[in-house]
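J.: One structure coming up, written as structure tokens, with questions to follow.
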Amino acid sequence: YNALRAQVVLEPGHVLTVEPGIYFMEYALQEAKQKKTLSKFFNWDRIADFESFGGVRLEDNVLVTESGIENFTTAPRTVDEVEAVMRGEVADSVALIQRRSDALQGA
């Protein structure tokens, strides 16, 4: 658990932020590239395509429940959802939730 910020046993009622992300930081990539033990795990040609990108982090605020979690975050996650937002078909979280509901019902 040395990388976790909250070193506690999660219990129902706890609320936390889950923040997976990927970042293309030149100094970190150069260090990894120079170390043979790390370098072998990277596709350097593909990484070159993203060097100017910076990175992305997806945050979810979740409530720990008896059976798992309840995700409080509503944001486009799939390619279809992101493209729908870009086309103007989804303008807010209510529309996104409705789109997901329709998809589940086969509409």
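J.: Specify the longest stretch of the chain that does not include any exposed loop site, a site being one of the chymotrypsin sites (Phe, Trp or Tyr not before Pro) with a non-H, G, I, E, B DSSP assignment and at most 16 other Cβ atoms within 10 Å.
T.: 73-107
J.: Give the residue from ALA32, LEU104, SER93 lying farthest towards the positive end of the charge dipole for the chain; charges sit on Cβ (+1 for Lys and Arg, -1 for Asp and Glu) and the dipole is referred to the Cα centre.
T.: ALA32
J.: Put LEU104, LEU29, LEU58, LEU16 in order of accessible area, largest first, 1.4 Å probe: what do you get?
T.: LEU104, LEU58, LEU16, LEU29
J.: Please give the per residue accessible area of the chain, computed with a probe of 1.4 Å over protein heavy atoms only, in Å².
T.: Accessible surface, normalised per residue, equals 83 Å².
J.: Working with all protein chains in place, sort THR73, THR37, THR78 by solvent-accessible area computed with a 1.4 Å probe, largest first.
T.: Values: THR73 35, THR37 100, THR78 70 Å².
Highest to lowest solvent-accessible surface, that is THR37, THR78, THR73.
J.: What residue among GLU70, GLU83, GLU19 has the largest mean-square fluctuation in a Gaussian network model of the chain, using Cα springs under 10 Å?
T.: GLU83
J.: Quick check: the distance between the Cα centres of region 1-73 and region 92-106, to the nearest angstrom?
T.: The two parts, judged by their Cα centres, are 27 Å apart.
J.: Further question on the same structure: Between LYS36 and VAL64, what is the spin-label point distance in nm, taking each point 7 Å from the Cα along the Cα→C-beta axis?
T.: The two pseudo-label positions are separated by 4.3 nm.
J.: Taking the alpha-carbon distance from LYS33 and a cut-off under 15 Å, which aspartates and glutamates remain once sequence neighbours fewer than 8 residues away in the same chain are dropped?
T.: List returned: ASP45, GLU51.
The values are calculated or read from the model by the stated rules, or taken from the named source; none is laboratory data. In this text the structure is predicted, and so the values were computed from the model without any measurement. All Cβ positions, even for glycine, are placed from backbone atoms using ideal geometry, and neighbour counts span all protein chains on display. We work out accessible area using only protein heavy atoms, side chains counted, and drop any ligands, DNA or RNA first. Shrake-Rupley method; radii C 1.70, N 1.55, O 1.52, S 1.80 Å.
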